Amino acid sequence: MYIAFQRVMRSGWEKFVRDKSSSSAALFVMVIVMSVATMLFFLQGASSFMIVSLEESVDISTYLKNTATQEEITLLKEELESLPEVREVTYVLREEALESFVELHKEDEVILESLEIVGQNPLLASLNIKAFSVNQYIAISEFLQNKSLASIISGVDYFDRAPVINRLSTLTAGIQNAVFLITLFAGLIAILVVFNTIRLTIYSSRDEIEIMRLVGASNWFIRGPFIIQGVIVGVLATLITTLVFFPLTLFVGIKLQAFAPGFELFSYFANNLFLIVSLQLLTGIGLGVVSSLLALRRYLKV
C-alpha cells in the first residue's frame, strides 16, 4: 500500500513537470481563481466596515428636562445600557451641547447673534444612544416613550431621524445582498473555469489513461497522479497568489484611503493572513481534486 502511494505521488509530480503546457495553464487559471476568491474576501471585509461605519454615524437623542435630577439621569442611563438593543449611551451636559452647537454654527452670524440676544443656554442636556443595528432604534424609542419617564424626558428625536435611519437600513441591506450576489456569481464562474481547464488537461492525457487501463491499472491508481497534480497546482497557486497580494494590497490600500478612510487594506490582509491562506488552499486543492475526479469519471469513463 505504501509503495503504491509512493508511486502515485511520484507519478503525479512527474506528470506536473512533464506536462508543462497543461500544468502552466491550470496553474495560471488557479491563480486567477484564488485572486478572485481573495478579492471577494476583501469585498466582504470592506462591506462590513462600510456598514459598521454607516451605523455608527446614526444615533438618537433623548432630551432631559431641566428639572431632572442627577440621580434620575444616572438611573435612566443605566436602564438604557441594560437594554439588549443598546450598544452605547453618552450623557451630554447642557454646556457641552451649547459648545458643540456654537462650533457647528460658528460661521452663521445670525444664529450666534440670536444666542446672545437670548442671554442664556436654551439647549437641554441629552442622552445620545447608539444601537447595535439600525433596526433596533424603534424599540429603544418605544422604551423612552414610557409614561413613567415623562417627568424627566422632554422629547426623543427618533421620529425626526426616522427617514434617515430607514434609508440607512435599506442601504445596508442592499450592500449585503449585492455582496452576496457578487460572491455567488463570481464563485460559480470560477468553479466552471477551473473545471473546464482541468477537464481539457485530462482530455489531453486520454491515450495515457487508456494504456494504463489496458495494462490492468485500477481506477484509483489512474486517478491518483491527476489528483496529486491538482494538489500541487493548488499549493503553488496559493504561494504565488499570497506573494502577489502582499505588494498589491500595500499599493491599493494607499489609494483606497481616499474612498474608504479608516479601512486599511494591507493591515486587514496581514491580520487575516492565516485565514486567507487557508481559504486559498481549501479553494485550490478542493477545486483541483474535485474537478479531476469529476472530469475523469464523466468524460473519460474511468
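Quick one: in region 105-147, of everything that is under 15 Å from VAL58 (Cβ atoms) and among the polar types (S, T, N, Q), which residue is modelled with the highest pLDDT? Taking the candidates together, the pick is ASN128. Screening the candidates VAL102, VAL86 for the property of being assigned by TED's automatic domain parsing to the domain that holds LYS65, more than 22 Å from the chain's Cα centre (by Cα), more than 30 Å from LEU287 (Cα to Cα) and at pLDDT below 75 yields one hit, VAL102.
For region 42-96, a residue qualifies if it is hydrophobic (A, V, I, L, M, F, W, C) and farther than 22 Å from PHE263 by Cα, and the qualifying residues are ILE60, LEU64, ALA68, ILE73, LEU75, LEU76, LEU80, LEU83, VAL86, VAL89, VAL92, LEU93.
Quick grid of which residues meet (1) farther than 30 Å from ALA186 by Cβ; (2) surrounded by 15 or more Cβ atoms within 10 Å (Cβ to Cβ):
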| position | (1), (2) |
| --- | --- |
| ALA37 | no, yes |
| MET50 | no, yes |
| VAL58 | yes, yes |
| LEU75 | yes, no |
| GLU88 | yes, no |
| LEU98 | yes, yes |
| GLU103 | yes, no |
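Where helices (runs of 4 or more DSSP H) fall entirely within region 211-302, those with at least 2 residues that are under 30 Å from VAL52 (Cβ atoms) and at pLDDT below 75 are at 219-256.
The values are calculated or read from the model by the stated rules, or taken from the named source; none is laboratory data. As the structure is a computational prediction, the values presented were derived from the model and not from experiment. All Cβ positions, even for glycine, are placed from backbone atoms using ideal geometry, and neighbour counts span all protein chains on display.
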